[in-house]
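Below: one structure, written as structure tokens.
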Amino acid sequence: MNVETFRYDNRIVRAFAIATVLWGIVGMSAGLLAAIQLFWPEANLNWQFVTFGRLRPLHTNAVIFAFVGNGMFTGIYYSLQRLCKARMFSDALSWLNFWGWNFIIVAAAITLPLGLTTSKEYAELEWPIDIAIAVVWVIFTVNLIGTILKRRERHLYVAIWFYIATAITVAVLHIFNSLALPAGAFKSYSIYAGVQDALVQWWYGHNAVAFFLTTPYLGLMYYFLPKAAERPVFSYRLSIIHFWALIFIYIWAGPHHLLYTALPDWVQSLGMVFSVMLVAPSWGGMLNGLLTLRGAWDKVQQEPMLKFMVIAVTAYGMATLEGPTLAVKSVNALSHYTDWTIAHVHTGALGWNGFLTFSVLYWLFPRLYNTKLWSVKLANWHFWIALVGMMFYVIPMYWSGITQGLMWKQFNSEGFMQYSNFLETVLQLVPMYRLRAIGGSLYLLGVLFMAVNLWRTAKSGQFVPEVEVQAAPLSTAAHAEEKHPWGHRWLEAKPLTFTALAFLAVIVGGLVEIIPMCLIKENVPTISSVKPYRPLEVLGRDLYIREGCVGCHSQMVRPFRSETERYGEYSKVGEFIYEHPFLWGSKRTGPDLHRVGGKYRDSWHYSHMEEPRSMSPGSIMPRYPWLLTQKLDTSSLPARISTLRKVGVPYPEGYEQKALADLHAQAGQIVTNLQMDTIKAQPDKEIIALIAYLQRLGTDIKAGAPGTAPAPVSPSMSDSTGAPEFRTASQRKPSSHNL
């Protein structure tokens, strides 16, 4: 038999493994600081670059794309070579993947604290970095497929199926969700507006969880769990059902993040139904993993790596049961916008992704350095500390989430809201936030223990850069020996056909949901009184995005009595047709803001941003004093107006030249309003633009309400001067509404 000699590349595996540990410490430290800021807002030191609004996306990106992303590449680059009995297709592409990916992470770590963000959850990075992500992902995909095509093992093992699904689906999700037009070096506007943007974003957001945090890690589970347990996967047939059902159903489930919003009901119901269906394939995968350990429980007790794996697979099962439960409308009515969702997300992140990553690292390092793990005892300590830390994190968040949902909806015996002041709810949660920080501290401590253990393991051994192996080439004769034509084993021998079928399975759900909403404009109702933002409001909205306000405030009043009593008229789909991007939010640490326009005087907003506790005693909102002193940058205004026109906002041609005059006029009115309340402010400060934006929110459909502008006499876009006809709060008398 013809046998070929070749070498597995361990250098790339080691590089990704070290990056995984380092970024894990960075990402979790950022998360811990953000958790502390929720009960001690002074923890940001009044430094604008580490406020909660800017730190939260840094934390999520560092954990998802830096820690889990590098962990994913670590496991894939190690296992794929051995499953295919082939070195990676290209060493050059491997290193481009490594350096490119980690350059992107460094760019994110710089730009997000600077406030350079799109505000779209899990997709906050601006357009130049988005392009880099696409390029690096193509490099990874080419390297993956190239390795599979030059394999020496005929059939594709189940782990490779999940790697293929990850590669093709993440590319589709990232490209379509990130479509935007640049308005500057690090500023862009989504091509989608309002409800369309929301649908595409959560089609991406939910499936980023599915195909970045789930499918590649299922592939790692299917490789490393049987390896460590020294037992075959429990059921090959269950693996087939698990894979195809999961990738087909998952892509439909995104709309369950938008239940009871302005999204059309048919899309919401479709998302809910497919979400509930997800329980079956998800639990099939969990059972396949746990049952693989039958007869190996003595080994589980001895091997820390298997302990971590058991908790990881169990957490996967719990999270994938809870997710569909939260997608049921009656449950979602209570849970959405609360800390319940935070608990759910971290059950998956800390338990599934975190513990499985720790398991893989503990298994790999002794083999990379040809030695034994330095301290099994320290690894066991890591396991128990991390497990206790995870419980201290998620249980208080479940408690606070249910507390929030119930308090928001509570009415007294006389039919009035029991807790009319939103702050009453917030103050009840502070003890839970303290417990969460304790849990995060313990979890991070465990990671530090692991870092020491892996470092000492590396010091005690000698790195093996390449492993020489021998295997027979994939022969043409072997192809003719297939005994099951047209079966799944046949398909596993056809990687390109397999990839094409996987692509079809994942794309169909997205097309069914997105095409009617994004390509047929008539399906999005409009409201004639809804007009584009004025220039000052455009810049104020961009400041709102820069400061990460969407991380704590929603802009979506749902059609519940508890919300319309608290906030006002429920939100209509036609109100968002000029919103690029949408800002509906996913969490209410603070109250909803969609109807905040005209509710308070301009001076209230000024004082509230300067010192929140002066207006709302006990508030956990950070101070924003720099908004009162930093000069508003208007140099980019013409480019922003022009770009917004290109994505569909009906500003008249040439309005860029008149926008600055309009901005000064509106700013002057706000300064006058502030002077009436003895506040002296300069019209060129950022706070003026932010006030203009906040005072505009929700006012377009308030015609006739006290303190609002009269309804426009004509539905036309412009008046006789050719300037846009706007509805604005800054032209009103200051409202007398207060807390």
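When ILE527 is tested against (1) in contact with a Lys or Arg (Cβ under 7 Å, 6 or more places away or on another chain); (2) part of a loop (DSSP other than H, G, I, E, B); (3) assigned by TED's automatic domain parsing to the domain that holds THR678, exactly one condition is not met: (3). In the set (1) within 27 Å of ARG231 (Cβ to Cβ); (2) of a type outside the set (Lys, Arg); (3) buried (at least 20 other Cβ atoms within 10 Å of the Cβ), the condition left unmet by VAL279 is number (3).
Filtering GLY284, GLY289, GLY254 for residues that are under 17 Å from TYR316 (Cβ atoms) and buried (at least 23 other Cβ atoms within 10 Å of the Cβ) leaves a single hit, GLY289. Say we look at the stretch 577-603 and pick out the residues that are among the hydroxyl-bearing types (Ser, Thr, Tyr) and farther than 13 Å from LEU694 by Cα; which of these is nearest to the chain's Cα centre (by Cα)? Top of the filtered list is SER586.
Selection within the stretch 464-519: residues that are among the aromatic types (Phe, Trp, Tyr) and surrounded by 13 or more Cβ atoms within 10 Å (Cβ to Cβ). The member of this set that is modelled with the lowest pLDDT is TRP490.
Could you say which residue among SER400, SER375, SER359 is among the polar types (S, T, N, Q), closer than 24 Å to GLY289 by Cα and at pLDDT 95 or above? Break it down into steps so the answer makes sense when it comes.
Numbers: SER400 fails: closer than 24 Å to GLY289 by Cα; SER375 fails: closer than 24 Å to GLY289 by Cα.
Only one candidate passes the filter, namely SER359.
You will find that of GLY317, GLY323, GLY354, the residue that is surrounded by fewer than 22 Cβ atoms within 10 Å (Cβ to Cβ), in the same structural domain as GLY401 (by TED's automatic domain parsing) and small (Gly, Ala, Ser) is GLY317 and no other.
For ARG231, the conditions (1) touching a residue at least 24 places away in the same chain (Cβ under 8 Å); (2) surrounded by fewer than 24 Cβ atoms within 10 Å (Cβ to Cβ); (3) part of a helix (DSSP H, G or I) are fulfilled apart from (3). In this entry, THR634 passes the filter for residues that are surrounded by 17 or more Cβ atoms within 10 Å (Cβ to Cβ) and either at pLDDT 95 or above or within 28 Å of the chain's Cα centre (by Cα) (or both). So which of ALA86, ALA107, ALA92, ALA123 ends up being at pLDDT 95 or above and surrounded by fewer than 17 Cβ atoms within 10 Å (Cβ to Cβ)? That would be ALA92, the only listed residue that is at pLDDT 95 or above and surrounded by fewer than 17 Cβ atoms within 10 Å (Cβ to Cβ). If you filter the stretch 234-248 down to residues that are hydrophobic (A, V, I, L, M, F, W, C) and crowded, with 23+ Cβ neighbours inside 10 Å, you find that the one that is farthest from THR338 (Cα to Cα) is PHE243. Can LYS299 be described as farther than 30 Å from ARG558 by Cβ and surrounded by fewer than 19 Cβ atoms within 10 Å (Cβ to Cβ)? Yes.
Is it true that VAL310 is over 30 Å from ALA458 (Cα atoms) and of a type in the set (A, V, I, L, M, F, W, C)? Criteria not met by VAL310. Taking the stated definitions as given, is ALA109 part of a helix (DSSP H, G or I) and of a type in the set (Gly, Ala, Ser)? So ALA109 fits the description; yes. All conditions but one from (1) touching a residue at least 40 places away in the same chain (Cβ under 8 Å); (2) in contact with a Leu (Cβ under 9 Å, 6 or more places away or on another chain); (3) of a type in the set (Phe, Trp, Tyr) apply to TYR567; the one that does not is (1). Checking each residue in the stretch 43-60 for being surrounded by fewer than 20 Cβ atoms within 10 Å (Cβ to Cβ), in contact (Cβ under 8 Å) with a residue 24 or more places away in the chain and either within 18 Å of the chain's Cα centre (by Cα) or outside any loop (DSSP other than H, G, I, E, B) (or both) picks out PHE49, VAL50. The residue list HIS580, HIS594 contains one member that is buried (at least 21 other Cβ atoms within 10 Å of the Cβ), in contact with a strand residue (DSSP E or B) (Cβ under 7 Å, 6 or more places away or on another chain) and assigned to a loop (DSSP other than H, G, I, E, B), which is HIS580.
Among the residues here, ILE36 does not qualify as among the hydrophobic types (A, V, I, L, M, F, W, C), out of contact with any Leu (no Cβ under 7 Å at 6 or more places or on another chain) and farther than 27 Å from MET621 by Cα. Being more than 22 Å from ASP592 (Cβ to Cβ), basic (Lys, Arg) and in contact with a helix residue (DSSP H, G or I) (Cβ under 6 Å, 6 or more places away or on another chain) is the filter here; which residues of the stretch 371-424 pass it? Correct list: LYS372 only.
None of GLY440, GLY446, GLY415, GLY461 is modelled with pLDDT under 95 and over 21 Å from ARG152 (Cα atoms) except GLY415.
The rows are residues; the columns are (1) surrounded by 15 or more Cβ atoms within 10 Å (Cβ to Cβ); (2) more than 28 Å from the chain's Cα centre (by Cα); (3) farther than 26 Å from HIS257 by Cβ.
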| site | (1), (2), (3) |
| --- | --- |
| VAL360 | yes, no, yes |
| TRP363 | yes, yes, yes |
| TRP374 | yes, yes, yes |
| ILE385 | yes, no, yes |
| ILE395 | yes, no, no |
| LYS409 | yes, no, no |
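Answer yes or no: is there a residue in the stretch 303-313 that is small (Gly, Ala, Ser), under 18 Å from the mean Cα position of the chain (by Cα), surrounded by 23 or more Cβ atoms within 10 Å (Cβ to Cβ) and at pLDDT 95 or above. Scanning the stretch 303-313 turns up no residue that is small (Gly, Ala, Ser), under 18 Å from the mean Cα position of the chain (by Cα), surrounded by 23 or more Cβ atoms within 10 Å (Cβ to Cβ) and at pLDDT 95 or above.
The values are calculated or read from the model by the stated rules, or taken from the named source; none is laboratory data. Just so it is clear, the model here is predicted, and its values are computed rather than measured. Cβ coordinates were reconstructed from backbone atoms using ideal geometry, including for glycine residues, and neighbour counts include every protein chain displayed.
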